[in-house]
Amino acid sequence: FFKQKTAYEIKECDWSSDVCSSDLFGKFLEIGADYGVDHLYPALEKGWTGVYCEPDPKSCYNLMLCTEQFADRVTVINSAVSTESGLTNFYLCTNATGTSSLRPEWHILNKEAVPNPVIRTIVTNTISIEKLFDHIGYDMDIVSIDAEGSDMMLLENIPWGRLNKCRLIMVESGGETEPAHIVQMLSSYGYSKLQYSTNTGNSFYTRIPQN
């Protein structure tokens with residue numbers, strides 16, 4: 001049931017576990033959570049509170065199973081996240097997990113991940129970034145984004161200036177570095193790039209949280 005992790009993913013889990021080793025329990029947001037068994041799972045095991053957004057109905061069901069023992073500290077939002085709330089097409093990959101997307105061209109651009117994807121178009125709910133944070137609060141210590149093609153849009157539009165506690169951003173870059181204007185924007189809020197993994201396509205930004 002649990003997906004086999006690569007050595008690089010295990011290394012990132014260990015690294016994230018170290019980041020979450022504070023005596024003070026924290027709170028994280030994961031947009032594009034899939035099953036939830038990833039680099040932030042150790043945080044749940046350490047007592048953190050998790051908020052997961054996952055629009056894929058099958059992945060969301062498995063996410064609830066995987067985090068069931070932490071249900072009192074887990075919020076699951078079965079919705080995509082975008083700049084606007086409403087209904088939109090969702091391109092569900094039925095023969096691979098963690099690769100479904102709001103973008104119809106995503107599986108063409110992402111052939112290396114799934115060479116022969118079987119896509120079914122469904123309609124999903126989207127919650128706006130503003131409504132999401134109004135609902136869950138702005139008190140996140142860590143924000144993780146893995147939104148299969150919507151990552152840069154979310155990274156650019158999340159109100160980082162209001163997330164005063166946030167000290168770590170993890171984002172899937174799809175094998176590319178973030179655009180210069182986004183790096184500059186994050187820098188203006190005090191974030192510096194800590195790590196980029198060419199093996200997993202994940203970038204890490206960190207800062208000292210504001211009081």
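The values are calculated or read from the model by the stated rules, or taken from the named source; none is laboratory data. Remember, predicted model here, so these are calculated numbers, not experimental data. Cβ atoms come from the backbone with ideal geometry, glycine included; neighbour counts cover every protein chain shown. All accessible areas refer to the heavy atoms of the entire protein, side chains included, with ligands and DNA or RNA removed. Shrake-Rupley method; radii C 1.70, N 1.55, O 1.52, S 1.80 Å.
Which value, to two decimals, describes the C-alpha radius of gyration of segment 70-211 once divided by 2.2 N^0.38 Å? Intermediate values should be presented prior to the final figure.
Numbers: Rg = 15.8 Å, N = 142, 2.2 N^0.38 = 14.5 Å.
This ratio for segment 70-211 stands at 1.09.
Considering all projection directions equally, how large on average is the shadow of the alpha-carbon convex hull of segment 44-153, in square nanometres?
Details: hull surface 29.6 nm².
Its average projected convex-hull area is 7.4 nm².
Please report the equivalent ellipsoid semi-axes of segment 21-93, computed as sqrt(5 x eigenvalue) of the Cα gyration tensor, largest first, in whole Å.
24, 13, 9
I want the antiparallel fraction of DSSP beta bridges within segment 12-166, as a percent rounded to 5.
35
Which of the residue pairs K111/K165; K46/K131; K27/K131 have a Cα-Cα distance greater than 26 Å in the structure shown?
K111/K165; K46/K131
Extending each Cα 7 Å along its Cβ direction at R120 and I108, get the distance between those two points in nm, one decimal.
Computed distance between label sites R120 and I108 equals 2.3 nm.
Of the heavy-atom accessible surface of segment 135-195 (probe 1.4 angstrom), what whole percent is carbon and sulfur?
Solvent-exposed carbon and sulfur of segment 135-195 make up 48 percent of the total.
Quick check on packing: order 30-37, 134-141, 105-112 by the mean number of other C-beta atoms within 10 Å, highest mean leading. Spell out each step's value before the answer.
Details: 30-37: 23.6, 134-141: 15.6, 105-112: 14.0.
Ranking, from highest mean packing down: 30-37, 134-141, 105-112.
Taking a point 7 angstrom from the Cα of E130 along the C-beta vector, which residues in segment 71-96 have backbone N less than 18 Å away?
Backbone N within reach: 81-87.
Would you mind telling me the share, in percent, of accessible area of segment 35-133 contributed by carbon and sulfur at probe 1.4 angstrom?
Values: 2470 of 4970 Å².
Of the solvent-accessible surface of segment 35-133, carbon and sulfur hold 50 percent.
If you stretched the chain out fully between T97 and K165, how much longer would it get, using 0.36 nm times the residue separation minus the C-alpha to C-alpha distance?
Here the segment from T97 to K165 would lengthen by 21.3 nm.
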